[in-house]
Every structure is written in C-alpha cells, then in structure tokens.
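What follows is one structure encoded as structure tokens, with my remarks underneath.
The values are calculated or read from the model by the stated rules, or taken from the named source; none is laboratory data. These numbers were taken from a predicted model, which means no experiment stands behind them. We place every Cβ from the backbone using ideal geometry, glycine too, and count neighbours over all the protein chains shown. For accessibility, only protein heavy atoms count, side chains too; no ligands or nucleic acids. Shrake-Rupley method; radii C 1.70, N 1.55, O 1.52, S 1.80 Å.
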Amino acid sequence: MEDADKKKEAYETPSLTVHGSIETITQAGLGITAIDASFPAHTPIDELTFS
C-alpha cells in the first residue's frame, strides 16, 4: 500500500479563465433570424413550432 501512495501525483488546484461577462457572451444569440438545431438548416424563426 505504501508504494501506491508514493506514485500519486500532487493535486493541482483548478483555475478559472474569465472570457467576459455572462451577459455579454450570451447576447450573441440576439437578433437571429434562423435556427437549425432541431429543424432543417435555415428554417426561419417564425416557422418554428414548440409544444
């Protein structure tokens, strides 16, 4: 059991990289006119159906 303890690597604390505010990052989706996630590519927004 002692050999297994010696082979453990030291813990490295994770770091956070800030890429901007959530508000700014998520505003990229505003003003879109088409979406193609669950619909055929380039389906106009006004033709989407939600249930």
Query raised in the report: Identify, please: which residue in region 25-35 is at pLDDT below 65 and small (Gly, Ala, Ser) and is, among those, surrounded by the most Cβ atoms within 10 Å (Cβ to Cβ)?
Result: 34
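Condition check ((1) of a type outside the set (Gly, Ala, Ser); (2) at pLDDT below 80; (3) in a helix (DSSP H, G or I); (4) open to solvent by 100 Å² or more (accessible area, probe 1.4 Å)) across all residues:
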{"residue": "10", "(1), (2), (3), (4)": "no, no, no, no"}
{"residue": "17", "(1), (2), (3), (4)": "yes, no, no, no"}
{"residue": "23", "(1), (2), (3), (4)": "yes, yes, yes, yes"}
{"residue": "50", "(1), (2), (3), (4)": "yes, yes, no, yes"}
